[in-house]
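All remarks here apply to the structure that follows.
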Amino acid sequence: MTDTDRADATASVTGPAAVEAGTSVVRSASLAAEPGPIAAVAFDLDGLLVNTEELYQDVGTELLRRRGRPFEPELLDAMMGRPQPVSLRIMIEWHGLADSVETLAGETQEIFQSLLDTRLRTMPGAVELLDALDAAGGGRGVPRGVATSSGPDFAHDVLGRVGLLHRFSFVATSADVTHGKPDPEIYELAARRL
């Protein structure tokens, strides 16, 4: 396969078939040149459906401010998308904190609840995308679910607060898998459920 063939085989598809909010969908060379209808969609939660990634940054900043430590962008990158116990363990090791994961988790929940009450929002375009998926498939809608590293209580609470919970056939969370992101297990589970 030449470089040109390789580039053609992984060319990004745009338009109605690229429904992965803000990103392109890469199709393999074995698929037809024209994309077919979308069969199902698995959504991430944090930063895609709701603005919780932004809120996580504020929580991390406050946790570390209370301890006289900075919340560096590199630490945020190392923590983002991972289950809470893993993220908090990374924070503890990064700064050599004496706190336990359980202590930080309790403090995180306290800070997060106040932020959810005042600042939780759907991400721009999320509701419109769900509306388009509802209308697709000849009015039957496109099956969809959520695949998140968040815990089940948090995921259901957040989706319920913004009125989206009923728009998904399932919510797969960190409690449903053995290996958290970036391991693909949560996505494989979502694909089986869809």
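The values are calculated or read from the model by the stated rules, or taken from the named source; none is laboratory data. The model shown is predicted, which means the values in this text are computed figures rather than measured ones. Cβ placement follows ideal geometry from the backbone for every residue including glycine, while neighbour counts extend to all protein chains displayed. Areas reflect the complete protein model, heavy atoms only, side chains present, ligands, DNA and RNA absent. Shrake-Rupley method; radii C 1.70, N 1.55, O 1.52, S 1.80 Å.
Restricting attention to the stretch 168-193, report how many residues are out of contact with any Asp or Glu (no Cβ under 8 Å at 6 or more places or on another chain) and crowded, with 17+ Cβ neighbours inside 10 Å.
Summing the residues that are out of contact with any Asp or Glu (no Cβ under 8 Å at 6 or more places or on another chain) and crowded, with 17+ Cβ neighbours inside 10 Å in the stretch 168-193 gives 8.
Given the criteria within 23 Å of E185 (Cβ to Cβ) and not acidic (D, E), does S114 qualify?
It is false that S114 is within 23 Å of E185 (Cβ to Cβ) and not acidic (D, E).
Only one of these is closer than 13 Å to D44 by Cα and touching a strand residue (DSSP E or B) at 6+ places or on another chain (Cβ under 6 Å): V162, V146. Name it.
Checking each option against the conditions leaves just V146.
Among the residues of the stretch 126-147, count how many are in contact with a Gly (Cβ under 9 Å, 6 or more places away or on another chain) and either open to solvent by less than 30 Å² (accessible area, probe 1.4 Å) or within 30 Å of L63 (Cβ to Cβ) (or both).
Residues flagged as in contact with a Gly (Cβ under 9 Å, 6 or more places away or on another chain) and either open to solvent by less than 30 Å² (accessible area, probe 1.4 Å) or within 30 Å of L63 (Cβ to Cβ) (or both) within the stretch 126-147 amount to 1.
Report yes if S150 is among the polar types (S, T, N, Q) and touching a residue at least 12 places away in the same chain (Cβ under 8 Å), otherwise no.
When the stated conditions are applied, S150 passes them.
Can you tell me how many residues within the stretch 149-167 are surrounded by 17 or more Cβ atoms within 10 Å (Cβ to Cβ), in contact with a helix residue (DSSP H, G or I) (Cβ under 6 Å, 6 or more places away or on another chain) and at pLDDT 95 or above?
Residues that pass the stated criteria total 2.
Within the set of pairs 6 or more residues apart or between chains, which connect a residue that is in a helix (DSSP H, G or I) inside the stretch 105-131 to a residue that is not aliphatic (A, V, I, L, M) with Cβ atoms less than 7 Å apart?
Close Cβ pairs (under 7 Å, with a partner that is not aliphatic (A, V, I, L, M)) amount to A105/Q84; I111/E62; L115/D58; L116/R161; L130/R167.
Which of the residues that make up the stretch 81-114 are under 20 Å from V177 (Cα atoms), modelled with pLDDT under 95 and open to solvent by 60 Å² or more (accessible area, probe 1.4 Å)?
Of everything in the stretch 81-114, those that are under 20 Å from V177 (Cα atoms), modelled with pLDDT under 95 and open to solvent by 60 Å² or more (accessible area, probe 1.4 Å) turn out to be R82, Q84, P85, V86.
Name the residue, out of R167, R140, R121, that is basic (K, R) and within 15 Å of the chain's Cα centre (by Cα).
So the residue among R167, R140, R121 that is basic (K, R) and within 15 Å of the chain's Cα centre (by Cα) is R121.
Of the conditions (1) more than 18 Å from the chain's Cα centre (by Cα); (2) within 22 Å of D58 (Cα to Cα), S150 clears all except one; give me its number.
Evaluating S150 over (1) more than 18 Å from the chain's Cα centre (by Cα); (2) within 22 Å of D58 (Cα to Cα) leaves (1) as the failure.
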